[in-house]
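The structure appears below as structure tokens.
Every read-out reported here was derived from the displayed coordinates using simple, explicitly stated rules and does not represent laboratory data. It should be emphasised that the depicted structure is a prediction, and the values quoted were computed from it without experimental measurement. Please note: Cβ atoms are built from the backbone with ideal geometry, for glycine as well, and neighbour counts cover all protein chains shown.
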Amino acid sequence: MNIKAFFDKNTSTITYVVSDETTHKCAIIDPVLDYDPLLGKITTNSADILIEYIKSNALYVEWILETHIHADHLTAAHYLKVKLGGKIALGANITEILKFWIPVFNTSQDTPLDGSQFDYLFKDNEHFSIGSLDVKVMYTPGHTPACISYLINDAIFVGDTIFMPHMGTGRTDFPGGSAEILYDSIQKILQLPPETRIFTCHDCPAEGASALYESTIKEEKKSNILINDGITKEEYIEKRRKRDQSMTVPRLLLPAIQVNMRAGYLGKAESNEIQYIKIPINKIGV
Ligand SMILES: [Fe+2]
């Protein structure tokens with residue numbers, strides 16, 4: 001198994017390409033579509049870097065995987081599927097997210113409530129393959145109700161559940177989020193063998209420093225600032241809730257959610273052939 005990480009500085013996101021060296025099949029996990037919210041401008045530089053890597057290594061994309069519906073970046077899943085093929089997939093509890101957010105955006109005309117805009121919806125504990133690699137899906141809700149992690153051999157891709165030890169864990173103040181549930185999900189992850197490698201979805205390195213994204217179960221249990229072995233569930237919940245209260249709304253929350261619910265498709269163009277991103281007034285944080 002080969003794991004290649006790509007860091008997007010604008011959204012602090014890490015995208016992975018996981019490939020099977022024997023069959024050259026691969027999966028892309030959590031790809032980013034570049035979006036400038038001031039100009040409403042979409043570009044594909046980040047996704048094109050993935051395409052270049054995949055083509056130059058003669059890889060064949062089997063899957064485009066999301067760990068969840070992200071609130072901090074738009075997904076490039078749709079763009080990459082058009083360019084490279086592959087099935088776009090995520091957890092079946094996505095329907096919970098759709099049920100909450102589609103009425104907010106009033107986008108049911110181009111965003112199905114049943115999740116059929118995605119090619120496949122995974123069940124908990126389901127196995128699938130990337131070439132000859134076996135992947136186990138683990139439901140790890142708490143950051144959102146539909147978060148999942150992908151366990152591939154000795155590596156787990158955890159999305160926004162647990163971060164690097166110095167960063168703590170994902171936030172739990174989005175609709176359907178829960179510090180209590182996230183604690184339980186992270187315990188599930190931490191029960192894996194201590195040498196299991198954890199690949200996280202975000203890092204915020206200081207100017208000039210490199211992004212950090214890989215730790216182990218052992219390191220997290222020893223030194224995660226929010227959820228190490230010496231912290232009880234009650235203490236974690238209190239710390240997490242306190243942190244959540246001080247966090248700002250993600251810059252791309254409203255554009256990201258509505259686009260990501262369509263797997264990265266920007267939605268039906270209006271009669272003037274322009275696609276729009278909608279901002280609901282007085283629906284969030286009031
Ligand atoms: Fe997230």
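Just to verify a result, which residue in the range 86-118, among those that are among the β-branched types (Val, Ile, Thr) and outside any helix (DSSP H, G or I), is farthest from PRO175 (Cα to Cα)? Before you say what the answer is, go through the steps one by one.
The initial filter retains those residues of the range 86-118 that are among the β-branched types (Val, Ile, Thr), namely 88, 94-95, 97, 102, 104, 107, 111.
Retained after the next criterion (residues that are outside any helix (DSSP H, G or I)): 88, 107, 111.
Details: ILE88: 24, THR107: 18, THR111: 19 Å.
Among them, the one singled out is ILE88.
Condition check for SER149 on (1) part of a loop (DSSP other than H, G, I, E, B); (2) within 16 Å of the ligand (Cβ to nearest atom): one failure, at (1). Within the range 223-260, being in contact with a helix residue (DSSP H, G or I) (Cβ under 6 Å, 6 or more places away or on another chain) and either in a helix (DSSP H, G or I) or crowded, with 19+ Cβ neighbours inside 10 Å (or both) holds for LEU226, ILE227, LYS233, TYR236, ILE237, ARG240, ARG241, ILE257, GLN258.
Among the listed residues GLY85, GLY131, GLY115, which satisfies the condition of being within 17 Å of the chain's Cα centre (by Cα), away from the ligand (no atom under 16 Å from the Cβ) and of a type outside the set (D, E, K, R)?
GLY115
Against the definition (closer than 18 Å to THR11 by Cα, crowded, with 21+ Cβ neighbours inside 10 Å, of a type in the set (Asp, Glu) and touching a residue at least 60 places away in the same chain (Cβ under 8 Å)), how does ASP72 come out, yes or no? It is false that ASP72 is closer than 18 Å to THR11 by Cα, crowded, with 21+ Cβ neighbours inside 10 Å, of a type in the set (Asp, Glu) and touching a residue at least 60 places away in the same chain (Cβ under 8 Å). Could you list, in sequence order, all residues of the range 41-69 that are in a helix (DSSP H, G or I) and surrounded by fewer than 21 Cβ atoms within 10 Å (Cβ to Cβ)? ASN45, ASP48, ILE49, ILE51, GLU52, TYR53, LYS55, SER56, listed by residue number. Of the candidates ASP134, ASP173, ASP184, ASP124, the single residue that is assigned to a strand (DSSP E or B) and surrounded by fewer than 22 Cβ atoms within 10 Å (Cβ to Cβ) is ASP134. Residue count for the range 1-60 satisfying the condition of being closer than 18 Å to ALA155 by Cα, in contact with a Ser or Thr (Cβ under 8 Å, 6 or more places away or on another chain) and charged (D, E, K, R): 4.
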